[in-house]
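The values are calculated or read from the model by the stated rules, or taken from the named source; none is laboratory data. From a predicted model like this one, the values you see are computed outputs, not experimental measurements. All Cβ positions, glycine included, derive from the backbone under ideal geometry; neighbour counts span all protein chains shown.
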Amino acid sequence: MLLRIHNLQAGIEEKEILKGINLEIQPGEVHAIMGPNGSGKSTLASVLAGRQDYNVTGGSVTFNGKDLLELSPEARAAEGLFLSFQYPVEIPGLSTTNFIKTAVNEVRKYRGEEPLDAVAFLKMMKEKMALMEMDQAMLSRSLNEGFSGGEKKRNEIFQMAMLQPKLAILDETDSGLDIDAIRIVANGVNKLRSKDNAVLVITHYQRLLDYLVPDVIHVLYNGRIVKTGTKELALELEEKGYDFIKNEVNSL
Ligand code: ADP
Ligand code: MG
Ligand code: MG
């Protein structure tokens, strides 16, 4: 088991948001989390990444056999957890290359490995750039500054390619992902998939799941996973909307 979430409860300030999440992910799997706005999807991603501000009030998370909740965000990344950002930060003056180099070497440092030397780093950059069809010019620009939505996505997936995570958590925005950006994310992730890594993609878009086909789909509603199914569930949701799930839950 790569990730095991057991009865996870978490919130922010006094507000309880996650009310007992159970989820297990094996290496090689792609899981999707869907669900209405405000269900707690981004909160789950944030808690897994170890963002401050969130309080875990119950339950456990095991990642790679370790107690994830005990680890700092940096240590989580070093263990192989990657979280994409729903709203990527723009950092004027910091080149995308230097940002990625720092991220890669931070992870190496945590693992007790030497930083990559310039030649090895460049070789890896070139390999992954070709794989991700990245435009070299983007890498010398300031991080995310003036990037189009598609460029931000490409850059994010490129970071993922460079970090080679065991589990990538992709929290996609509720709006504004155009069809090109959807393809960039899906194609990139598909190229990075292997039997040893896994992906947890949070999305509203049935369309994204046409390209990035999940093994399992979960519906998060009001802080709980209320339904789990295969890719057909996404089609059912697309057709019926979330109301039928809400009705099912509320009639219990
Ligand atoms: P989703 O990603 O499914 O749309 P979120 O995890 O963003 O849901 O939010 C879940 C609930 O937590 C919502 O009711 C939201 O208003 C609340 N929430 C999220 N972030 C904060 C915050 N920083 N302070 C207070 N409430 C928050
Ligand atoms: Mg939201
Ligand atoms: Mg969200």
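Which residue, of L177, L143, is among the hydrophobic types (A, V, I, L, M, F, W, C), within 30 Å of S39 (Cα to Cα) and either buried (at least 19 other Cβ atoms within 10 Å of the Cβ) or in contact (Cβ under 8 Å) with a residue 40 or more places away in the chain (or both)?
L177
Residue-wise test of (1) at pLDDT 85 or above; (2) farther than 30 Å from Y54 by Cα; (3) within 16 Å of ligand 2 (Cβ to nearest atom).
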residue	(1), (2), (3)
L68	yes, no, no
S72	yes, no, no
N105	yes, no, no
L122	yes, yes, no
M125	yes, yes, no
A130	yes, yes, no
M138	no, yes, no
A161	yes, no, no
Inside the stretch 232-252, the number of residues satisfying the requirement of being touching a residue at least 60 places away in the same chain (Cβ under 8 Å) and of a type outside the set (A, V, I, L, M) is 2
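Quick one: which residue in G58, G65, G80, G50 is farther than 19 Å from A198 by Cβ and not hydrophobic (A, V, I, L, M, F, W, C)?
Unique residue meeting the criteria: G58.
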Please verify whether L170 is buried (at least 20 other Cβ atoms within 10 Å of the Cβ), at pLDDT below 90, of a type in the set (A, V, I, L, M, F, W, C) and within 19 Å of the chain's Cα centre (by Cα), treating the condition exactly as stated.
no
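Condition first: farther than 26 Å from R154 by Cα, outside any loop (DSSP other than H, G, I, E, B), away from ligand 2 (no atom under 16 Å from the Cβ) and at pLDDT 95 or above. Can you find one or more residues in the stretch 41-54 that meet it? Let's see the steps before the verdict.
Let us first name the residues in the stretch 41-54 that are farther than 26 Å from R154 by Cα, namely 52-54.
Retained after the next criterion (residues that are outside any loop (DSSP other than H, G, I, E, B)): 54.
Okay, now just the ones that are also away from ligand 2 (no atom under 16 Å from the Cβ), so none.
Within the stretch 41-54, not a single residue is farther than 26 Å from R154 by Cα, outside any loop (DSSP other than H, G, I, E, B), away from ligand 2 (no atom under 16 Å from the Cβ) and at pLDDT 95 or above.
Can you name every residue in the stretch 1-38 that is of a type in the set (S, T, N, Q), assigned to a loop (DSSP other than H, G, I, E, B) and either at pLDDT 95 or above or closer than 30 Å to K191 by Cβ (or both)?
Restricting attention to the stretch 1-38, the residues satisfying the condition of being of a type in the set (S, T, N, Q) are 7, 9, 22, 26, 37.
Next cut, assigned to a loop (DSSP other than H, G, I, E, B) only: 26, 37.
The one that is of a type in the set (S, T, N, Q), assigned to a loop (DSSP other than H, G, I, E, B) and either at pLDDT 95 or above or closer than 30 Å to K191 by Cβ (or both): Q26.
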In the stretch 55-67, residues that are without any contact (Cβ under 8 Å) to a residue 40 or more places away in the chain and either more than 27 Å from K191 (Cα to Cα) or assigned to a strand (DSSP E or B) (or both) total 2
